[in-house]
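Undergrad: Can you keep this structure in mind? I'll have questions shortly.
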Amino acid sequence: MLPLTNYFLMKNASHFKLNVFLLVIGYVFLMMGNGLVPLTHPDEVFYAQTAKEMIAHDSWLTPRLFDQPQFEKPILFYWMTAVLMKGAGLNAFTARFWPAFFGVLGMLVVYWMAWMFFERKDVAFLSGLILGTSTLHISLSRAVLTDMMFSMWVILSLLSFYFAYRYQKYKFWGILSCFSFMGLAVLTKGLLGMCFPAGTIGIFLLLKKDLRFLAHKSVVIGFLIFWGIALPWHIFMTARYGDSFYQEYIHNVHVRRLFVSEHDKCNTWYFYLLTVVVGLFPWTFIFVPTARFLSKIRKKTEKEKQSFLFILSWVCGVLLFIQPAQSKLASYVFPAFPAFAILAAFCLTLFLEQTGEGESRGVKAVQLSMCVFGAVLAVVSVGAIFARAFYRSFVPHPLPVYVMALLFLSLAAGLFLSAYRKQFQRIPVLLPLFPLFLILSFLMFRPLAEPWISCRKIADIFNSIDQSDTTVVASKFYVRGIRFFTDRDVATIDVWGKGFFSPHPIPFLDTDKKAMDFFKQQPETYAIVKENDVSDIKRICQLSGCSVRYMGGLGGKYILKVQSGIPKKEVVD
């Protein structure tokens, strides 16, 4: 290998030092600045509000939303978030802590998985680095969602199983750990927590023709532990809420998603392939041209071939359950991302070894990829400078734009220069700079972005206007955020629109008549809505004889005041 590669990958460094290095990288990429940005709509406030209401209602076994039980996800993520909020306070950092924590943990777990597969520190370190600096991993680590915690339970379950299979003197404890983590995964997100590990293990053992491995007393005990973790909460909820829990949690969340698409645009055969390509960015630029080195598997040892077979089973074990389903989301394929990160690390290290020995195979493809990536960065940077010149009102201060452009132009220059000089050992240094610069750029533009991605500022404006306890009408996309930041009762207006995939226990005004009747129930009704809903409210008020007044707006959100029983006097701007 090239000297600088040996130095950077620390092939001779201890596991402790490499893991500490990954911890530092993980904190910077996945946790730093999480308290600066308010919770965004619509999903972050959904989970945070559920934990918030569990505390308010002292409801530690039943998730609650809009003051009613909600059954969209199991209890574990809500419970851990609520416990942290109660002890450390309700804020953006505490709400995002567990996803970020498990994101950092995932880098270490993947390091040890890769080490167990190949016993190479360069592959292990790069696996953790690639996973932790990939787009989807960063996104899920910095968002209040269940997916990061769920994925880590799944991966820990797979790690435990393969450890038991590889080192069979530890089979008993490895199998018990596998089933334990599987139970925690089910308690975080439902039945997929059992399906993903079981599917992976089943495919692997079938390909190995070694189903006898499961004929062991630890499997029986493991099943008992699994059911002991996953079953009690489900029994409690079924006994307490009966058909309501069954219809929402079992039918709507688990069964209906197999046959009904939640987002029609995502329901394509290539959606998960595209998700992997985009989600692995920026490493996709290197993984694609170096993937040819996977053909060298046939030259590897039997242990390494077995590791690749398990990785293949891992990917197939996830796709087996999510590809046929009509509801497709990027986060569903995320439990397979560590497998792709390990493959990318393996291919990159093989490529670096080949170039270090003077071989040129694949060099032109990697050079081209680096140049294409550099060109994209350069075009975007120059475009940002010109865009600021023409839209000064949107970006009043040029400094963030210039700093961002300078950072990305510097990265582009580094990519061009490294490609020209064939200094491919710089790849593990250069590529992580892209997501790092994105994070820094976002933090610089935070004051401009915040009104558009969060309801906090519009809620602050509204709270200064009205302090009553009347129900607030909000657009479907904003209703959870308005509830979180105002603590007011809310109703949703979405005339002739689709309802929530999981029904919410609040008034849903999807026809003119429902909206008219609702506005007549209160002398004054405030609405915080998007532009299309402003038009609907104006039209409905004209038909019903109500008056409507524009009270302010920010970030594509408009505050309207509707008064019932008053002669029509429209003053909306």
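The values are calculated or read from the model by the stated rules, or taken from the named source; none is laboratory data. The shown structure was predicted, so the numbers you read here are calculated from the model rather than taken from an experiment. Positions of Cβ are generated from backbone atoms using ideal geometry, with glycine treated the same way; all protein chains shown enter the neighbour counts. Ligands, DNA and RNA are excluded from the accessible area calculation, which covers all protein heavy atoms including side chains. Shrake-Rupley method; radii C 1.70, N 1.55, O 1.52, S 1.80 Å.
Undergrad: Hey, in the chain, which Cys have no second cysteine's beta-carbon closer than 4.7 Å?
TA: CYS178, CYS195, CYS266, CYS316, CYS347, CYS371, CYS455
Undergrad: Expressed as a whole percentage, what fraction of the accessible surface of the chain belongs to carbon and sulfur atoms when a 1.4 Å probe is rolled over the protein heavy atoms?
TA: Details: 16140 of 24810 Å².
Result for the chain: 65 percent of the exposed heavy-atom area is carbon or sulfur.
Undergrad: Also: Could you pull out every residue, at least 5 positions away or on a different chain, whose amide H is within less than 5 Å of the one on GLY552? Hs are placed 1.01 Å off N in the peptide plane, and Pro or chain starts have none.
TA: Answer set, sorted by chain and number: ILE559.
Undergrad: OK, next. Apply the Karplus curve 6.51 cos²θ - 1.76 cosθ + 1.60, θ = phi - 60°, to the phi angles in the stretch 426-438 and return the couplings in whole Hz, x for Gly and Pro.
TA: 7, 4, x, 8, 6, 5, x, 5, 4, x, 5, 5, 5
Undergrad: Now for a separate question. How long are the semi-axes of the equivalent ellipsoid of the stretch 443-573, taking √(5λ) for every eigenvalue λ of the Cα gyration tensor, in whole Å from largest down?
TA: For the stretch 443-573, the ellipsoid semi-axes come out as 23, 17, 14 Å.
Undergrad: Related question: With the radius of gyration and the Kirkwood radius both derived from the Cα set of the stretch 118-182, what is their ratio Rg to Rh?
TA: Values: Rg = 14.1 Å, Rh = 13.3 Å.
Looking at the stretch 118-182, the ratio lands at 1.07.
Undergrad: Just to be sure I understand: if I project the alpha-carbon convex hull of the stretch 458-503 onto a plane and average over all orientations, what area do I get in nm²?
TA: 3.5 nm²
Undergrad: Also, I was wondering about something else. Per the helix-only calculation at 222 nm, which mean residue ellipticity applies to the chain, given -39500 (n - 2.57) for every DSSP H run of n ≥ 4 and division by its residues, nearest 500 deg cm²/dmol? Present the calculation step by step, with values, prior to reporting the outcome.
TA: Values: 25 runs with 349 residues, N = 573.
Only helices count here, giving -19500 deg cm²/dmol.
Undergrad: Extending each Cα 7 Å along its Cβ direction at PHE172 and LEU23, get the distance between those two points in nm, one decimal.
TA: In this crude label model, PHE172 to LEU23 measures out at 3.2 nm.
Undergrad: Would you please give the residues with an amide H less than 5 Å from that of LEU509, counting only those at least 5 places away or on a separate chain, with H modeled from the backbone geometry?
TA: Under 5 Å from the amide H of LEU509: THR492, ILE493, ASP494.
Undergrad: Here's something else I'd like to know. Could you quote the convex hull projected area for the stretch 488-558, Cα atoms only and averaged over all directions, in nm²?
TA: Orientation-averaged projected area of the Cα hull: 5.2 nm².
Undergrad: Counting alpha carbon pairs within less than 8 Å and at least 6 residues apart, what relative contact order, in whole percent, applies to the chain?
TA: Relative contact order, the chain: 14 percent.
Undergrad: Could you work out how far the C-alpha centroid of the stretch 131-161 sits from that of the stretch 173-213, in angstrom?
TA: A separation of 17 Å, based on Cα centres.
Undergrad: From the phi angles alone, apply the Karplus equation (6.51, -1.76, 1.60; θ = phi - 60°) to the stretch 195-207 and give each ³J(HN,Hα) in whole Hz, x where the residue is Gly or Pro.
TA: 5, 4, x, 5, x, 5, 5, x, 4, 4, 5, 5, 5
Undergrad: Please give the length that would be gained between VAL372 and ALA88 if that part of the chain were fully extended, namely 0.36 nm times their separation in residues minus their C-alpha to C-alpha distance (nm, one decimal).
TA: 97.6 nm
Undergrad: Something else: Residue separation times 0.36 nm, minus the C-alpha to C-alpha distance between ALA56 and LEU417: what's the value?
TA: Gain on stretching ALA56 to LEU417: 124.2 nm.
Undergrad: A follow-up question, please. For the stretch 265-322, count the residues as N, evaluate 2.2 N^0.38 Å, and divide the Cα radius of gyration by that value, please.
TA: Numbers: Rg = 14.0 Å, N = 58, 2.2 N^0.38 = 10.3 Å.
The reported ratio for this selection is 1.36.
Undergrad: Then there is this: Which distance in Å, rounded to a whole number, links the C-alpha centroids of the stretch 264-296 and the stretch 457-480?
TA: Taking the Cα centre of the stretch 457-480 as reference, the centre of the stretch 264-296 is 42 Å away.
Undergrad: Another one. For the pair SER14 and ARG240, how long in nm is the line joining their label points, each one 7 Å along Cα→Cβ?
TA: Between SER14 and ARG240, the label points sit 4.8 nm apart.
Undergrad: Right, something else. Using the Kirkwood radius over Cα pairs, work out the Stokes-Einstein diffusion coefficient for the stretch 144-224 at 20 °C and 1.002 mPa s, in µm²/s as a whole number.
TA: Approximately 170 µm²/s, per Stokes-Einstein.
Undergrad: Short version: ³J(HN,Hα) in whole Hz for each residue of the stretch 407-416, in order, from phi by Karplus 6.51 cos²θ - 1.76 cosθ + 1.60 (θ = phi - 60°), x for Gly and Pro, what are they?
TA: 4, 6, 5, 5, 5, 4, 4, x, 5, 4
Undergrad: Tell me the relative contact order for the stretch 461-513 as a rounded percent, counting alpha carbon contacts under 8 Å between residues six or more apart.
TA: Worked out over the stretch 461-513, it gives 29 percent.
Undergrad: Need the C-alpha centroid separation for the stretch 32-67 versus the stretch 538-567, integer Å.
TA: 30 Å
Undergrad: Something else: Hey, got the Cα dimensions of the stretch 178-270 along the principal axes, in Å, largest first?
TA: So the extents along the principal axes, rounded to whole Å, are 41, 40, 16.
Undergrad: Could you state the accessible area per residue of the chain in Å², with a 1.4 Å probe and every protein chain left in place?
TA: Per residue, the chain has 43 Å² of solvent-accessible surface.
Undergrad: Follow-up. If you take every DSSP beta bridge fully contained in the chain, what fraction is antiparallel? Give it as a percent rounded to 5. All intermediate terms of the calculation are to be shown ahead of the outcome.
TA: On the way: 15 of 23 bridges.
Rounded to the nearest five, the antiparallel share is 65 percent.
Undergrad: Return the tail of the calculated pair distribution for the stretch 215-329, meaning the percent of Cα-Cα pairs more than 20 Å apart.
TA: 68 percent
Undergrad: Next question. Looking at the stretch 409-473, which trypsin sites (Lys or Arg not before Pro) are DSSP coil and have at most 15 other C-beta atoms within 10 Å of their C-beta?
TA: Taking the stretch 409-473 and a limit of 15 other Cβ atoms within 10 Å, the loop trypsin sites (Lys or Arg not before Pro) found are LYS422.
Undergrad: Could you work out the relative contact order of the stretch 427-542, using alpha carbon pairs under 8 angstrom and six or more residues apart, expressed as a whole percent?
TA: Working: 110 pairs, mean separation 25.7, N = 116.
Rounded, it is 22 percent for the stretch 427-542.
Undergrad: Let's test the formula: R0 of 41 Å, r as the Cβ-Cβ distance of TRP112 and ALA215. What FRET efficiency results, to the nearest 0.05?
TA: 0.90
Undergrad: Would you mind checking which residues have amide H under 5 Å from VAL472's amide H? H placed 1.01 Å from N; only 5 or more apart, or other chain.
TA: Sorted by chain and number, the residues that satisfy this are ASP489, VAL490, ALA491.
Undergrad: Right, next: Which FRET efficiency, nearest 0.05, do ASP489 and GLN563 yield, Cβ-Cβ r, R0 22 Å?
TA: Calculated transfer efficiency: 0.75.
Undergrad: Taking a cut-off of 26 Å, what percent of all Cα-Cα pairs in the stretch 33-167 are separated by more than that? List each step's numbers first, then the result.
TA: On the way: 2856 of 9045 pairs.
That fraction is 32 percent.
Undergrad: Turning to a different aspect of this structure: Hey, what's the Cα Rg ratio for the chain versus the globular rule of thumb, 2.2 N^0.38 Å?
TA: Rg over 2.2 N^0.38 Å, computed on Cα atoms: 1.07.
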